[in-house]
Amino acid sequence: MNRFWYHLVAFLVVVVWGTTFVFTKLLLLAGLTAAQIFVLRFIVAYLLLLVYTLPRRQFRLFAASLQDELMMVALGITGGSLYFLTENSAMIYTTTTNTSLIVCLCPLFAALLIALFYRSQRLHGIQIVGTVLAALGVIVVVLNGRFVLHLSPLGDTLAFGACLCWAFYSLLMIPAGQRYDTVFITRKVFFYGLLSMIPYFCVHPDLPSISLVLRPGVLANLLFLGCVASMVCYLAWNWVIKKLGAVVVTNYVYLNPVTTVLFAWLILSERITVYFLLGTLLILLGMYLCNSYKTPSE
């Protein structure tokens with residue numbers, strides 16, 4: 001399969017993830033909490049994957065070893081429960097701008113973290129220039145001409161925690177992808193993401209009412225988040241990480257604020273600014289430089 005199609009899949013996943021803020025916001029306005037939305041969307045995704053894999057002969061319940069099973073637990077926490085909880089909690093204590101800015105810079109931290117463990121996936125000179133340009137583009141897009149950050153130690157720390165969660169998720173996907181198929185890994189992520197939410201709900205026993213969940217508008221948004229944004233996108237994301245490498249794929253997170261702004265422009269009629277265009281140009285240039293480098297084997 002041509003590498004172009006792998007890159008296209010990574011781009012489309014980020015496009016979908018960039019639109020989820022609208023559906024999440026609608027669910028929040030309907031009366032659901034951020035934790036409830038996360039659990040409900042992961043339940044939908046997990047059940048669908050379970051229905052898909054149960055009838056198959058190659059279905060397996062556990063990983064090959066306890067060490068690998070613990071790795072799946074870590075994937076479920078870093079890519080699921082802890083990531084979503086820290087990101088959503090950050091917006092309570094700090095601004096959305098701060099949260100978006102810190103979380104969308106996770107490719108930088110992922111590249112540094114992966115370089116510590118995998119020499120073969122270290123960035124080369126032109127790729128370092130590209131990722132720095134893309135990071136600058138994210139800053140320009142998110143700040144949108146308002147070059148004032150209101151520091152909040154707790155909120156910014158939580159946002160940084162979410163950033164590190166996704167970096168560790170990207171790191172752990174490398175050995176996981178070498179040993180297990182994408183469907184198995186993704187199913188485990190959903191399962192342990194849900195299981196690790198139990199302590200949270202023991203402290204905050206706030207379950208949504210059935211009547212609220214079954215409202216047509218609420219149910220439709222949850223199904224989109226569960227079926228498309230969770231099941232399909234996590235499957236696709238984990239798959240392209242196996243094909244292109246964690247560093248290259250994680251760089252697509254830089255495009256997240258771009259797709260978010262474009263979707264807000266199309267749906268909510270928000271204004272496109274010169275800063276957005278400049279930042280997008282920097283991100284695209286940085287992405288091009290990151291992906292233009294070819295390893296000797298290629």
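The values are calculated or read from the model by the stated rules, or taken from the named source; none is laboratory data. Nothing here was measured: the structure is a model prediction, and the numbers come from that model. Methodologically, a virtual Cβ is constructed for each residue, glycine included, from the backbone with ideal geometry; neighbour enumeration extends over all protein chains shown. What goes into the accessible areas is simple: the full protein's heavy atoms, side chains included, and nothing from ligands, DNA or RNA. Shrake-Rupley method; radii C 1.70, N 1.55, O 1.52, S 1.80 Å.
Laid out as a table, the results:
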| quantity | calculated |
| --- | --- |
| Flag for Val15 being under 18 Å from Phe190 (Cα atoms), buried (at least 17 other Cβ atoms within 10 Å of the Cβ) and under 20 Å from the mean Cα position of the chain (by Cα) | no |
| Any chance Tyr275 is out of contact with any strand residue (DSSP E or B) (no Cβ under 8 Å at 6 or more places or on another chain), in contact (Cβ under 8 Å) with a residue 12 or more places away in the chain, open to solvent by 60 Å² or more (accessible area, probe 1.4 Å) and assigned to a helix (DSSP H, G or I) | yes |
| Qualifying residues in region 55-88 (those that are at pLDDT below 85 and open to solvent by less than 80 Å² (accessible area, probe 1.4 Å)) - the one nearest to Cys106 (Cα to Cα) | Glu87 |
| Pairs with Cβ under 7 Å, 6+ apart, first in region 218-234 and over 19 Å from Tyr252 (Cα atoms), second among the hydroxyl-bearing types (Ser, Thr, Tyr) | Leu225/Thr20 |
| First in region 52-78 and more than 18 Å from Gly177 (Cβ to Cβ), second anywhere and of a type in the set (Val, Ile, Thr), Cβ under 6 Å, 6 or more apart | Phe59/Thr53 |
| Of the criteria (1) over 29 Å from Arg187 (Cβ atoms); (2) surrounded by 14 or more Cβ atoms within 10 Å (Cβ to Cβ), which one Gly125 fails | (2) |
| Residue match in region 24-35 (condition: open to solvent by less than 20 Å² (accessible area, probe 1.4 Å), assigned to a helix (DSSP H, G or I) and under 26 Å from Ala220 (Cα atoms)) | yes |
| Selection within region 64-79 - out of contact with any Phe, Trp or Tyr (no Cβ under 7 Å at 6 or more places or on another chain) and of a type in the set (Gly, Ala, Ser) | Ala64, Ser65, Ala74 |
| Filtered residues of region 197-212 (kept if polar (S, T, N, Q) and at pLDDT 90 or above) | Ser211 |
| Where Val247 falls short, out of the listed (1) at pLDDT below 85; (2) in a helix (DSSP H, G or I); (3) within 28 Å of Ala34 (Cβ to Cβ) | (3) |
| Residue within region 93-101 that is modelled with pLDDT of 90 or more, open to solvent by 40 Å² or more (accessible area, probe 1.4 Å) and hydroxyl-bearing (Ser, Thr, Tyr) present | no |
| Of the criteria (1) open to solvent by less than 40 Å² (accessible area, probe 1.4 Å); (2) over 13 Å from Ile43 (Cα atoms), which one Trp239 fails | (1) |
